[in-house]
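Chemist: Mind looking over this structure? Questions follow.
The values are calculated or read from the model by the stated rules, or taken from the named source; none is laboratory data. Not measured: the values here are computed from a predicted model. Note that each Cβ is placed from the backbone with ideal geometry, even for glycine, and that neighbours are counted across all protein chains shown.
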Amino acid sequence: MKFDVVTLFPELIMDSVNHGITSRALKDKKISLKTYNPRLFSNRKGGQIDDHPFGGGPGMLMQAEPVIQALKEAKKNSSNPYTIYMTPQGKPFNQSKAIEFSKKEHLVILCGRYEGVDQRIIDTEIDEESSVGDFVLSGGEIPSLVLIDAISRFLEGVVGDPKSVETDTFSNGLIKYPQYTRPELSEFGDVPKVLLSGDHKLIKRWQLKQSLLKTRKNRPDLLKNRDFSEEEEEIMEEIIREDES
């Protein structure tokens, strides 16, 4: 997959991806990554690309022309680019979106700064606005790195063991169950005996119950409209009975 990032801080993007899974993915040519700085497309002194919004209001906006030119350059010679603008006003980015985006051939990601961007950029060049959460950051660079990392995990050959992706949190719509490693006994607590039993059926049921418990505690919204399986319904009833006793 090809990633192109339009950003005022290209070094922030490139320095960050040179670690861990994304670094290996780049070396193995599973992904490619290039940055485009809108300042290089500005005709103003010092490459300035921000200006006051019409109608008043605090802060500055990224100007349309240099950003659009940078986006067009990123899309040049690409048959099917998909352009995403990182903004808290966008659609929520989640595991399902990561899977959806991983099926694209070429993603062009725009990182906003200041108070945002001129609306004409969105109207003419953006296919989708995406948000990594209901909060505001200083720019879109960190959210763009979140996208690149999450999406790359779904590309063939990027993660060493594909099964680890299949069992990640949210892969089945639930938060992942607790996990343990050696030692079995510790001053900080012991490994649950069921995990040492060797009974795979019992272990799987324990893991599902723990996932449901943790999701109920931390993300009850995920259970609100869930289409529970028969086993999940049975376990949820068990959890409710335990709460009431």
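Chemist: From the list S16, S79, S102, pick out the single residue that is under 20 Å from I126 (Cβ atoms), at pLDDT 95 or above and among the polar types (S, T, N, Q). Lay out the reasoning, then the answer.
Modeler: Working: S16 fails: under 20 Å from I126 (Cβ atoms); S79 fails: at pLDDT 95 or above.
Among S16, S79, S102, only S102 is under 20 Å from I126 (Cβ atoms), at pLDDT 95 or above and among the polar types (S, T, N, Q).
Chemist: A further question on this structure: What pairs come up if the first residue lies in segment 110-133 and is without any contact (Cβ under 8 Å) to a residue 40 or more places away in the chain, the second is surrounded by fewer than 19 Cβ atoms within 10 Å (Cβ to Cβ) and in a strand (DSSP E or B), and their beta carbons are under 8 Å apart, counting only those six or more places apart or on different chains?
Modeler: Once the first residue is without any contact (Cβ under 8 Å) to a residue 40 or more places away in the chain and sits in segment 110-133, its partners that are surrounded by fewer than 19 Cβ atoms within 10 Å (Cβ to Cβ) and in a strand (DSSP E or B) give I122/E129.
Chemist: Something else about it: Evaluate segment 14-37: report whether one residue or more is within 15 Å of R113 (Cβ to Cβ) and among the aliphatic types (A, V, I, L, M).
Modeler: Going residue by residue through segment 14-37, those that are within 15 Å of R113 (Cβ to Cβ) are 35-37.
Filter again for among the aliphatic types (A, V, I, L, M), leaving none.
Among the residues of segment 14-37, not one is within 15 Å of R113 (Cβ to Cβ) and among the aliphatic types (A, V, I, L, M), which makes the answer no.
Chemist: How about segment 189-245: which helices (runs of 4 or more DSSP H) wholly inside it have at least 1 residues that are under 20 Å from G173 (Cα atoms) and of a type in the set (D, E)? Steps first, please.
Modeler: Numbers: elements: 200-218, 221-224, 230-244.
So the answer is 221-224, 230-244.
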